[in-house]
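Structure first, then comments.
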Amino acid sequence: MTLNRTATIALLAGMAPLPAVAQDSLLLDEITATARLTPVEISRTGATVEIVTEEDREATGEVRLTDHLERVPGIIVNSNGPIGTITSVLVRGAPNYYTPVLIDGIDVSDPAGTQMSFNFGGLTTAGLGRMEVLKGSQSALYGSRAIAGVIDIQSARASAEGVEHRVELEYGSYATQRGSYSLAAKGDRYEMSFGIASIDTDGFSAKDEDAGNFEKDGFHATRINFYGTYELDGGALIGLAAFHENRRGEFDEFTGDTAGTPGDEFNKAESTGVRLFTEFSTGAVDHKLDATYYNMDRISSSNGFVTPFDGTRRKLSYLGTGDLGAATTLSLGADTEKENAAGLGSTRLNGVLGELAISPTDSLDLTASARIDDHSTFGRFETGRLALAWRPAEDWVIRGAVGTGFRAPSLYELYSAYGDATMDPEESVTAELGVERYLGDKGRLRATAFLLEADNLIGFDSTATACGQAFGCYNQVPGTSRRHGLELAGDYAVSERLTLSGSYTYTDSSQSAANWARVARHDLSLQAAIDLTDMLSGALSVQHQADRAPGLDDYTVVNGMLSYSVNDHAEAYIRVENLFDESYQSVASYGTSDRAIFAGIRGTF
């Protein structure tokens, strides 16, 4: 499909009567919890923050969390096959291991992974709530690996006082069965949520079926999560967040499905995360203490060979924030983090950080953040960030930020059979300048120019010999890699029944190292929501990528959904993925879904 056909589809969708989606995301006073050390209105931070709400996700109905992230400007999703296979989220073209992923404040990046990233392949929307994507180098706030940004995901929370139950059941193509239950409750002094979800699917061949691959690669996962807070007498808050997940997903080796081979490749993983936290005040200072634990125990099995990976992360952190008067606040904190990987040893990272936020006028906010880290292997690193947000008029925001970041090599890159313990950490500088125009309660328009530079990149080099392996080693890439681009996004409620939204990202990677993640030069996303009657509604989404990495053709994929309100508490729906049965690849030689149809029912009570 061409870009012209994409635009035609979007235009036709816009001619139908559509409902306005929730406009919460358009409010100037919407709060972000990631862009500064303390929560602040998005209009008062210079960093770019993208927010995806539960209402945004329900409007289109897709199950994979990455389908919703892919609509965020500046994000590309690469999947090595069906749900359950390795799936990476690239922020502004940077590889996935440059973006830490937090779920309820727990860093879920795999400590034993080759480059310590999070695999989004099996994560569905069940039991999850709001997501924030913070872009740019954020090591001054989040330490090592936050070179491209941070993705923060919350579990589903209660929106009002009382108790709410939610149930969802779905069946569809590839013998996919999915079910979930969640409970959310909120009172004067407490808040809690609980969820359990399961998915089972036969899948399709991870290696592209169009190349003769024939074996289906299935997936099964079960996930349980809990979140709760309670306010003690005196105002102190205590909280607990926890989750446990089991998953098993089949995959294909690089050679694909070859007649006579066992075809027994699978990954199996068990992960557990726990976070204990408290918030309290003493005089004019607000305090926050966090303790987190995360373990990923997984195996990779292929042709009878089983490779184990077992990684653990433990972290303690403190943050204190005080009002200095004259519209100035100061936050100071410290943290210590230890990562272990079975058979590879451990590292510890200790850090101190601070942030000064000043509002010299009602329309101007300035923020300076700094951090000093001490790595057990590489010693001291200093990072910083400056950010500015200026509101020259009530409906305009001009923002800018510049920051530095670093990524220490993973334990696998250092000490595995393919590692090199003499490598140096990667370092980065990012800058961005953006403008945002609010269109009253109708919507908003945004434009952001960005730049990312990185030195001392680490990649696998088939010619390197330091590790003594015949196939190569992880190695330092000389020189500086640069990437720059432009993000455009907009939402507009044409009427009570019509809301259109879309985003476009231009990314120039021509000055990037060959082993750095390659992304499409042009990435376009369009959405529309439909209200045909008071009972029948739907949605249409279009994703188009052009001028992609070598070996990958341009493509356009259209998804759609119709839902019918059975009563005030339940709705039945049918959704179609890849409506026009487009044949394409997100990763070279790996397959994507044909046209697929799913039907389900979801209700709240």
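The values are calculated or read from the model by the stated rules, or taken from the named source; none is laboratory data. The model shown is predicted, which means the values in this text are computed figures rather than measured ones. Neighbour counts run over all protein chains shown; Cβ positions are idealised from the backbone, glycine included. In case anyone asks, the SASA skips ligands and DNA or RNA and just uses the protein heavy atoms, side chains included. Shrake-Rupley method; radii C 1.70, N 1.55, O 1.52, S 1.80 Å.
Highlighted here are the strands (runs of 3 or more DSSP E) found entirely within region 29-96 that include at least 2 residues which are more than 27 Å from Ile458 (Cβ to Cβ): 49-52. Filtered by the rule that a residue be part of a strand (DSSP E or B), among the charged types (D, E, K, R) and under 19 Å from Gln585 (Cα atoms), region 499-523 gives a lone residue, Asp523. Residues that are crowded, with 16+ Cβ neighbours inside 10 Å, touching a Ser or Thr at 6+ places or on another chain (Cβ under 7 Å) and of a type in the set (A, V, I, L, M) occur in region 316-327; there is at least one.
Pairing each residue of region 106-124 that is on the phi > 0 side of the Ramachandran plot with any residue that is assigned to a loop (DSSP other than H, G, I, E, B), provided the two are 6+ apart or on different chains, yields C-beta distances under 7 Å for Met116/Ser109; Met116/Asp110; Met116/Arg145; Met116/Ser410.
Among the residues making up region 92-124, a single one is touching an Asp or Glu at 6+ places or on another chain (Cβ under 9 Å), surrounded by 23 or more Cβ atoms within 10 Å (Cβ to Cβ) and polar (S, T, N, Q): Asn119.
For Phe598, the criteria (1) in contact (Cβ under 8 Å) with a residue 60 or more places away in the chain; (2) under 22 Å from the mean Cα position of the chain (by Cα) hold in every case but one, which is (2). Inclusion of Val557 among residues that are open to solvent by less than 20 Å² (accessible area, probe 1.4 Å), at pLDDT 95 or above and over 30 Å from Pro478 (Cβ atoms) is warranted.
Answer yes or no: is there a residue in region 84-102 that is free of Cβ contacts under 8 Å to residues at least 60 places away in the same chain and touching a Gly at 6+ places or on another chain (Cβ under 8 Å).
Step one: filter region 84-102 for residues free of Cβ contacts under 8 Å to residues at least 60 places away in the same chain, giving 87, 99-102.
In the following step, the residues that additionally are touching a Gly at 6+ places or on another chain (Cβ under 8 Å) were identified as 87, 99.
The answer is yes, given that some residue of region 84-102 is free of Cβ contacts under 8 Å to residues at least 60 places away in the same chain and touching a Gly at 6+ places or on another chain (Cβ under 8 Å).
Kindly indicate whether any position in region 460-468 is open to solvent by less than 70 Å² (accessible area, probe 1.4 Å) and outside any loop (DSSP other than H, G, I, E, B). Yes: one or more hits. Of the residues contained in region 536-551, one or more are found to be surrounded by fewer than 21 Cβ atoms within 10 Å (Cβ to Cβ), within 26 Å of Ala449 (Cα to Cα) and aliphatic (A, V, I, L, M). For region 59-66, the criterion of being modelled with pLDDT under 90, under 16 Å from Asp491 (Cα atoms) and open to solvent by less than 10 Å² (accessible area, probe 1.4 Å) is met by no residue.
Of all residues in region 146-165, those satisfying the criterion of being open to solvent by 10 Å² or more (accessible area, probe 1.4 Å) and either farther than 15 Å from Lys186 by Cα or without any contact (Cβ under 8 Å) to a residue 40 or more places away in the chain (or both) are Asp152, Gln154, Ala158, Ser159, Ala160, Glu161, Gly162, Val163.
Of all the criteria given as (1) of a type outside the set (D, E, K, R); (2) open to solvent by less than 20 Å² (accessible area, probe 1.4 Å); (3) more than 23 Å from the chain's Cα centre (by Cα), the one not satisfied by Thr255 is (2).
Scanning region 269-278 for residues that are over 22 Å from the mean Cα position of the chain (by Cα) and either open to solvent by less than 40 Å² (accessible area, probe 1.4 Å) or over 17 Å from Lys315 (Cβ atoms) (or both) returns Phe277, Thr278.
Test Gly127 against the stated conditions and say whether it is open to solvent by 10 Å² or more (accessible area, probe 1.4 Å), of a type outside the set (Val, Ile, Thr) and modelled with pLDDT of 95 or more. When the stated conditions are applied, Gly127 does not pass them. Beta carbons closer than 7 Å, at least 6 apart along the sequence or on distinct chains, pair a first residue in region 503-532 that is more than 28 Å from Gln115 (Cβ to Cβ) and in contact (Cβ under 8 Å) with a residue 40 or more places away in the chain with a second that is part of a loop (DSSP other than H, G, I, E, B) and hydrophobic (A, V, I, L, M, F, W, C) for Ala528/Leu18; Ala529/Leu18; Ala529/Val21; Ile530/Ala16; Ile530/Leu18; Asp531/Leu18. Remark: pairs (first residue in region 366-390, closer than 15 Å to Gln138 by Cβ; second residue basic (Lys, Arg) and open to solvent by less than 70 Å² (accessible area, probe 1.4 Å); Cβ separation under 7 Å; 6+ apart in sequence or on different chains) = Thr367/Arg36; Ser369/Arg385; Thr383/Arg371. Taking region 168-180 as the region of interest, how many residues are in contact (Cβ under 8 Å) with a residue 60 or more places away in the chain and either over 15 Å from Gly600 (Cβ atoms) or open to solvent by 50 Å² or more (accessible area, probe 1.4 Å) (or both)? Within region 168-180, residues that are in contact (Cβ under 8 Å) with a residue 60 or more places away in the chain and either over 15 Å from Gly600 (Cβ atoms) or open to solvent by 50 Å² or more (accessible area, probe 1.4 Å) (or both) number 3.
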